[in-house]
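Below is one structure, written out as structure tokens; comments come after it.
The values are calculated or read from the model by the stated rules, or taken from the named source; none is laboratory data. Treat the numbers as computed from the prediction; the structure is a model and nothing was measured. Cβ placement follows ideal geometry from the backbone for every residue including glycine, while neighbour counts extend to all protein chains displayed.
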Amino acid sequence: MSLPPDKHLLFIRKQFVDQVSDSTLNQLLDSLFQQGIINMEEMDSARIKTRADRARDVIDVVRNKGEEASSSLIDGLRELDPYLSETLLSGSHLT
């Protein structure tokens with residue numbers, strides 16, 4: 001049985017926080033903003049934080065916006081960092 005995207009983000013949260021790069025995080029923020037998933041206030045708030053806190057913020061804000069937003073984050077991660085997404089998403093039915 002596969003997890004819904006928002007639940008899957010919760011499942012991979014720690015590994016994402018530990019492993020995602022600054023560059024990937026910034027590109028994810030830009031993409032999520034461009035898609036209208038996060039607003040300027042959320043993006044600005046995330047940008048002033050440390051890399052780990054920014055990663056937590058991205059996961060938590062997007063998860064709270066539901067499955068569609070969570071799917072967009074997962075898709076963005078697949079596109080921007082295929083190696084990390086494979087590492088994080090392996091063993092699930094989302095890959």
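Restricting attention to region 83-95, which residues are in contact (Cβ under 8 Å) with a residue 12 or more places away in the chain and part of a helix (DSSP H, G or I)? Lay out the reasoning, then the answer.
As a first pass, look at region 83-95 and keep what is in contact (Cβ under 8 Å) with a residue 12 or more places away in the chain: 84, 87-89, 92-94.
Hits for region 83-95 are L84, T87, L88, L89.
Can you go through Q35, Q27 and tell me which one is of a type outside the set (S, T, Y) and touching a Leu at 6+ places or on another chain (Cβ under 6 Å)? That would be Q27, the only listed residue that is of a type outside the set (S, T, Y) and touching a Leu at 6+ places or on another chain (Cβ under 6 Å). Considering region 1-14, the residues that are assigned to a loop (DSSP other than H, G, I, E, B) and either among the aliphatic types (A, V, I, L, M) or under 11 Å from the mean Cα position of the chain (by Cα) (or both) include one that is nearest to L88 (Cα to Cα), namely L3. Identification of helices (runs of 4 or more DSSP H) wholly contained in region 15-82 with 2 or more residues that are farther than 22 Å from P4 by Cα and out of contact with any helix residue (DSSP H, G or I) (no Cβ under 9 Å at 6 or more places or on another chain) yields 40-47. With respect to the conditions (1) surrounded by 17 or more Cβ atoms within 10 Å (Cβ to Cβ); (2) closer than 12 Å to V20 by Cα, P82 falls short on a single one, namely (1). Looking at R47, R51, just one residue is more than 18 Å from I74 (Cβ to Cβ), at pLDDT below 95 and not small (G, A, S), and that residue is R47.
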